[in-house]
Amino acid sequence: MENFVKPQFFSFLREEAAAAVQRYSPHHKFMAHSGFGNQFAESTSSSADDVQDPEVSDSESSVVGSVHEERSSGLMRIDEGDKIYGIISNKFLSGLGCFGLSTEITAIHKETCSSFIKQAKLQSFLIFSKAVEKNCGGNANVKYAWFGASKDEINNIFSHGFSHPSNNGAYSQAICLSPDDNSHDCLQTAVPDKNGVRHLLLCRVILGKTEVVHPGSGQCHPSSEEYDTGVDNLSSPRKYIVWSTHMNSYVFPEFMVSFRVSSHAKESQRNAVPVQNPKSPWITFPALISALSKFLPPQTVKLITKYHNDHKGRKITRRDLIQQVRKLAGDELLTAIIKSCKNKQSKGSTGNSSSTSSINFEQRDGRCCACQKSC
């Protein structure tokens, strides 16, 4: 036991942390993992020589140009003329799809890691990245991802870290982030403040080796030591799932984007799925839930039923209901069930008896959904 409290031991830890910072600064390896990391790297290389304090060079060297430091929060406001501002704003707006045209960015801030505690958090993140890299054969699979929350919650995250898993029901033991090209999926969780301004975090995330995690499964940790985090789809994920046990080790909040969505865009979003008699194949919702129960885990079916009841109680919109069902069941399964029901109805109308047919599917994460006009 004595060996673990000798001064040499703590010196070793400090040396390892300092070495990790030097090896994995933002303008080197981490930025290369992001979809727009190379653009970050180009914009940060010119600023590395301007930083004098080696203890904070990792956190400050990726911001150039004119910045306004907000000492009370530990954030720096990035000037609109800065190259990084342009890179982040373009990525954010393009990820909103059609809503990007009706969205105004009011500010972009960056974490400065100005305190010793925040420097320690950054060094911890870098050391975990190195450990995952070794376990995964040389690739920690670090990505940039969006996380939406209220301004108060975001302030708490910058100050104290993530305090609880995402409150989305589908993944109750994890926090869910959206890939850097899909900021749209975070709009609902970005709660407007009293001035109508919303906020998203742009975080560095250590994914390591990922596995598919089904919503509502109740899974609370990796299924085996082989995996580090989860996704909703291996080939084209729309959710990065980081377990609550790792959320403050594998996620480093680096930027905050503040923005307003015009009232016209919000009205369009509410009315995106008009209430009308469906012309495409359709199925009643109780029948859909009954069919889904044959293919999905009971917890997922229970969650879908809850969203349906919330819609009937006017707690969520019809559009929100459809989005949640698509996320939980997957478009391909929904399409197969609705088409199968349509075929049965056609046979019944011609006098043919319709036996119960099985629905086979390989992938449940398609892009098209016949359910759009039928719920």
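The values are calculated or read from the model by the stated rules, or taken from the named source; none is laboratory data. What you see is a predicted model; the values in this text were computed from it and never measured. Counting neighbours? That spans all protein chains shown, and the Cβs are built from the backbone with ideal geometry, glycine included. In case anyone asks, the SASA skips ligands and DNA or RNA and just uses the protein heavy atoms, side chains included. Shrake-Rupley method; radii C 1.70, N 1.55, O 1.52, S 1.80 Å.
Structure above, values below:
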| read-out | value |
| --- | --- |
| Unmet requirement for Ser258, which otherwise passes all of (1) of a type in the set (Ser, Thr, Tyr); (2) open to solvent by 40 Å² or more (accessible area, probe 1.4 Å); (3) farther than 20 Å from Asn139 by Cβ | (2) |
| Subset tally (residues that are touching a Phe, Trp or Tyr at 6+ places or on another chain (Cβ under 7 Å) and either loosely packed, with under 15 Cβ neighbours inside 10 Å or of a type in the set (Lys, Arg) (or both)) for the range 280-336 | 0 |
| Filtered residues of the range 191-207 (kept if assigned to a loop (DSSP other than H, G, I, E, B) and open to solvent by 10 Å² or more (accessible area, probe 1.4 Å)) | Val191, Pro192, Asp193, Lys194, Asn195, Gly196, Val197 |
| Residues satisfying the stated conditions in the range 103-119, i.e. touching a residue at least 12 places away in the same chain (Cβ under 8 Å) and either over 22 Å from the mean Cα position of the chain (by Cα) or open to solvent by 50 Å² or more (accessible area, probe 1.4 Å) (or both) | Glu104, Thr112, Cys113, Ser114, Ser115, Lys118, Gln119 |
| Hits in the range 121-158 (condition: small (Gly, Ala, Ser), part of a helix (DSSP H, G or I), touching a residue at least 24 places away in the same chain (Cβ under 8 Å) and open to solvent by 10 Å² or more (accessible area, probe 1.4 Å)) | Ser124 |
